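Single-structure report; data block below.
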Amino acid sequence: MTTSERIWHLMAKALNCEASSFEQEELSVLLSENESLHQQYELLTRIWNEKDGYVQDEENARLTIMKIINKASEEDVAVFHTNLRRRRRRQLFIAATIVLVLIAGGWFIKLGGSSSAPVQNERQEALVAKKGSRSRSLLPDGTTVWLNAGSKLSYENDFTGSTREVRLEGEAFFDVAKQINRPFIVHTSGIEIKVLGTAFNVKSYPEDKTVETTLYRGSVKVFRQEESEKNAIDLRPNQKLILSKQAAIDSEKLSEEVKPTNKELPTLFTIAPIDSTKKESERFETAWLYSRLEFRGDSFEELARKLERWYNVEIAFSDEKVKQLNFNGSFEKETVEQAFVALHAALPLFTYNISNHEISVGSSK
């Protein structure tokens, strides 16, 4: 059994209160060596303790978990045979429950870098997080990538060249495996982000006017594809770069939470510090990793796009003025119905009607 499989096996037993004291200690040691997996375990534990009955089936996830647990069960053949029936029932319960917990939390976790979308050609893999879900994947080089709802990542499936290159549409958090002689490059919206080994978040949905890159550790270089790397913008840890997709942008149109650190910077881009005193789970930029949708000063139109991805719904406005209403807040456990009740309570200047996955919004006047 690989270390990765062992960790997930131990997680399954711990969540189901079947881990021995030795196994619990082993899990603690393994998680302490991997901050990313530790965060995922905390997320699983929270969802497990708060799970409800509303879940959906996910065959691929079930098979993945079953494969891991089945491999783990082969460690002790004697125990396997003496407790065959009981173990099989327990394996099915653990596998099914973990899948339900993950789906209830909007997450689909994949191991081994397998693709969640059809292969585009013989050398391309595509990972997709559909609307209403998030995903975690392990790339062939050991890099871990989380995809936010409505995002897609494509890459060379073997990573055997001199560089490791991926293409992103949407939002992703990367924890890049360090390989000094093989840089990791993210292509998105005509912009390139080049790293060696680091952790950073990139937000670049097609409808966004900017590309946001937030660096947590390591270093990154950001530059436009048509420009030389010599003109790259260097980011330091706990900095966020907002770079326009066009040649220029009015800095006043940037998100309200962003404040330039240098007034002399051209309006082509803005660099802003992030609050490093907060835990990653509490920061605005990584809230989505912890199943929390945050918005600060978003217009209703901007917020609607986030809600569409988060809840897998379609929102239509019948009044242009309503689109300009502004909201601050966050959603975590709320259903889409509860979310709109809260928005209306905060600003009762609009009406809405929810019908299945379609929501119509109009003026209250």
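Values quoted throughout were computed directly from the atomic coordinates according to the rules given, and no laboratory measurement underlies them. Fair warning: this is a prediction, and the values are worked out from it, not measured in the lab. Don't worry about glycine lacking a Cβ; one is built from the backbone with ideal geometry, like all the others, and counts go over all protein chains shown.
Some values worked out for this structure:
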item	result
Ranked by how many other beta carbons lie within 10 Å on average, peptides 217-229, 132-144 from highest	132-144, 217-229
Amide H within-cut-off set for Ala177, under 5 Å, with H built and near neighbours excluded	Thr143, Thr144
Mean separation of Cα contacts under 8 Å, 6 or more apart, over the residue count of segment 147-232: relative contact order %	23
Ranked by how many other beta carbons lie within 10 Å on average, peptides 304-310, 169-175, 345-351 from highest	169-175, 304-310, 345-351
Cα gyration tensor category, rounded, prolate or oblate, for segment 162-221 with a/c compared to 1.5	prolate
Global geometry of segment 292-363, whether rounded, prolate or oblate, following the gyration tensor of its Cα atoms and the 1.5 cut on a/c	rounded
